[in-house]
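Single-structure report; data block below.
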Ligand code: ADP
Ligand code: MG
């Protein structure tokens, strides 16, 4: 049994079918990538796993350790150790970054503390030292801690910030929705290195991306899946990412739309 299992998932938005029977299993310690044309349902999958209310589940199931999580709210899914790095992180003025992170970290310690042997930080200062190390790992300045969540961050800073949160929170499974989009070459490298740090903790990782570049920097990549028209149409090893980059999606008989 894998830690996270998506079984024959069908979803719709406003009556339009998006996922059409998607299957995927991710275990801790495994690194997966999903590639696929725009509009094929990659972000829908990520959001459905986290329980976004807009994505209606029509049939199929999402299981963590063999138990369905479909009836759980997003925060309860997070407490099982699921993490989503957004394709488009939103700005939340009024929510202090440092406060947000500390609350999230402490909440996760209550549910995952024993199983993961997580560090407990008594003082705010100790916690800040821990966060600063992670800010450093992604090349963000400590001053970000005193800002509101994502407010005024550049596109690249938002992306670095998402993986920084992932490092701080230490999920069991991290899903990263295009963590490399809009990043310059150096930023892609530092985001990949952050993912490598998470891999070292034994977490499972799912990277959704259009480009083989970020995948080349990962210390391991076990599976590459191609999603088209709402389902996984092909899975392979890391060579599949290179093949797709060289040949495009038409090679698999699917159109690159939009
Ligand atoms: P991908 O991430 O693979 O590019 P998405 O999962 O974002 O694709 O989108 C899949 C399809 O679902 C697209 O046709 C998109 O327009 C549609 N879609 C996604 N989110 C919404 C929404 N909130 N409202 C209406 N349609 C949506
Ligand atoms: Mg997307």
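State whether the range 1-118 is rounded, prolate or oblate according to the following rule on the C-alpha gyration tensor (a ≥ b ≥ c being the square roots of its eigenvalues): a/c under 1.5 gives rounded; otherwise a/b larger than b/c gives prolate, and the remaining case gives oblate.
Details: a/c = 1.87, a/b = 1.32, b/c = 1.42.
Oblate is the answer for the range 1-118, as a/c is 1.5 or above yet b/c matches or exceeds a/b.
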Dimensionless Rg/Rh of the chain, both radii on Cα and Rh by Kirkwood, sits at 0.95
Between the range 1-30 and the range 131-177, the Cα center-to-center distance that results, in Å = 27
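Calculated from DSSP H runs of 4 or more alone, at -39500 (n - 2.57) each and per residue, what is the 222 nm mean residue ellipticity of the chain, nearest 500? Before the final figure, lay out the partial values.
Numbers: 8 runs with 94 residues, N = 258.
Value at 222 nm, helices only: -11000 deg cm²/dmol.
Provide the packing ranking of 39-48, 198-207, 138-147, i.e. peptides ordered by the mean count of other C-beta atoms within 10 Å per residue, highest first. Spell out each step's value before the answer.
Details: 39-48: 22.5, 198-207: 19.8, 138-147: 15.2.
The packing order, highest mean first, is 39-48, 198-207, 138-147.
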Report the extension gain between residue 13 and residue 114 in nm, rounded to one decimal, defined as 0.36 nm multiplied by the number of residues separating them, less their alpha carbon distance.
-> 32.5 nm
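Give the relative contact order (percent, whole number) for the chain; include only Cα pairs under 8 Å separated by 6+ residues.
Numbers: 492 pairs, mean separation 72.2, N = 258.
Relative CO of the chain lands at 28 percent.
Within 10 Å, count the other beta carbons around each residue, average over each peptide in 93-101, 109-117, 175-183, and list them highest first.
Working: 93-101: 14.7, 109-117: 12.8, 175-183: 21.3.
Packing order, densest peptide first, comes out as 175-183, 93-101, 109-117.
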To the nearest 10 degrees, how steeply does helix 185-200 sit against the main Cα axis of the chain, on a 0 to 90 scale?
-> 80
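Please compute the volume of the convex hull spanned by the alpha-carbon atoms of the range 76-120 and report it per residue in Å³.
Working: hull volume 4.0 nm³, N = 45.
Taking only Cα atoms, the range 76-120 has a hull volume of 89 Å³ per residue.
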Cα axis of helix 97-116 to longest principal axis of the chain: angle in degrees, 0 to 90, nearest 10?
-> 70
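Rounded to the nearest 0.05, what FRET efficiency is calculated for residue 79 and residue 154 with R0 set to 35 Å and r the Cβ-Cβ distance?
0.70
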Mind checking the angle between helix 155-169 and the chain's longest principal axis? C-alpha axes, 0 to 90 degrees, to the nearest 10.
-> 70
Indicate the gyration tensor shape class of the range 141-192 (rounded, prolate or oblate), computed on the Cα atoms with a ≥ b ≥ c the square roots of the eigenvalues: a/c under 1.5 is rounded; otherwise a/b larger than b/c is prolate and the rest oblate.
-> oblate
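Can you give the % of DSSP beta bridges in the range 4-252 that are antiparallel, to the nearest 5?
60
Bear in mind these aren't lab numbers, they're just calculated from the coordinates by the rules spelled out. It should be emphasised that the depicted structure is a prediction, and the values quoted were computed from it without experimental measurement. Glycine also receives a Cβ, built like all others from the backbone with ideal geometry; neighbour counts cover every protein chain displayed.
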